[in-house]
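Computed from the coordinates by the stated procedures, all read-outs in this text should not be read as laboratory data. Keep in mind it's a predicted model, so treat the numbers as computed, not measured. Positions of Cβ are generated from backbone atoms using ideal geometry, with glycine treated the same way; all protein chains shown enter the neighbour counts.
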Amino acid sequence: MKSESKSELRKKLLEIRRNFKDDESPKIIENFLKLPELQKSQTIFAYAPTPDEIQIDPLLEKLIANGNRIAIPFIISKTEMVATEIFRLDELIQSKFGIRSTPEINLIAPDEIDLIIVPGAGFDRLGNRLGLGAGFYDRFLQKTPRALKIALAFQFQIVDKIPVESHDQKIDAIVTSEGVIRF
């Protein structure tokens, strides 16, 4: 049997995600907050979720309140994003690229980042990630070799096999509503 291509698998998983009734986000956040690695992380790169992603706004608010330095993507071109620091979620605006971001860049250098909360369409149990297809995260993750890369995922996003290409970046762990998978 022929395995699914990246684009076929991405399309299938994103369709499921669009129609998914999210009751897992609170438990995923709870499991993430228990990670010992989080306690050692001062600067965290995350994302401002779209409506069909894991809703991590409560997590971001808690991390900011705890004194963590939080950054999210700021898209600067069709191929590159940088880390911009956020201080409050209510300061975020809808960017021209369709994601929430800061009104201006408050740059954080990639080598200052301790932990990255990595989004994706799907993940496998070997640490492979299927992104949304533009390659932003693969390029950014290459610049952050010392940062721990942790995905937050709905259970359905864990699949048997993600097709991998040479430029694809691996993750270190996946946090789901059922627990943590480490690589």
Positive minus negative residues near L141 (Lys, Arg vs Asp, Glu; Cβ under 11 Å): +2
T79 versus E4: modelled label distance in nm, points set 7 Å from Cα along the beta carbon direction: 2.9 nm
Residues D160 and I105, FRET efficiency given R0 of 30 Å [Cβ-Cβ distance, rounded to 0.05]: 0.15
Residue list for the range 61-92, given a label point 7 angstrom along the Cα-to-Cβ vector of H167 and an amide N cut-off under 15 Å: 77-81
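For T50 and N66 in the same chain, what is the full-extension length gain: residue separation times 0.36 nm, less their Cα-Cα distance, in nm?
On the way: separation 16, 0.36 × 16 = 5.76 nm, distance 2.37 nm.
Working it through step by step, the gained length comes to 3.4 nm.
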Per-residue [θ]222 nm for the chain (sum of -39500 (n - 2.57) over DSSP H runs n ≥ 4, rounded to 500): -6500 deg cm²/dmol
Residues of the range 66-81 with amide N under 19 Å of the 7 Å Cα→Cβ point at D22: 71-74
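How long is the gain from L14 to D57 if the chain were fully straight, where each residue apart is worth 0.36 nm and the alpha carbon distance is subtracted?
Values: separation 43, 0.36 × 43 = 15.48 nm, distance 2.05 nm.
Taking 0.36 nm per residue and subtracting the Cα distance, the gain is 13.4 nm.
When the Kirkwood radius is taken over all Cα pairs of the range 6-182, what Stokes-Einstein diffusion coefficient follows at 20 °C and 1.002 mPa s, in µm²/s? Intermediate results must be reported in sequence, preceding the final value.
Working: Rh = 16.3 Å.
Result for D is 131 µm²/s.
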Dipole moment magnitude, nearest 20 debye, the chain about Cα centre, only Lys, Arg, Asp, Glu C-beta charged: 400 debye
Percent antiparallel among DSSP beta bridges (both partners in the chain, rounded to 5): 55 percent
Under the Karplus curve 6.51 cos²θ - 1.76 cosθ + 1.60, θ = phi - 60°, whole-Hz ³J(HN,Hα) for the range 120-128, x wherever Gly or Pro sits: x, 7, x, 8, 10, 7, 10, x, 8
Under the Karplus curve 6.51 cos²θ - 1.76 cosθ + 1.60, θ = phi - 60°, whole-Hz ³J(HN,Hα) for the range 157-173, x wherever Gly or Pro sits: 7, 8, 10, 5, 8, 9, x, 10, 10, 4, 7, 5, 9, 7, 10, 9, 6
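On a 24 Å Cα-Cα criterion, which of the cross-link pairs K62/K149; K34/K170; K11/K161; K34/K143; K6/K149; K62/K170 come out too long?
Numbers: K62/K149 19 Å; K34/K170 22 Å; K11/K161 15 Å; K34/K143 27 Å; K6/K149 21 Å; K62/K170 27 Å.
Listed pairs above 24 Å: K34/K143; K62/K170.
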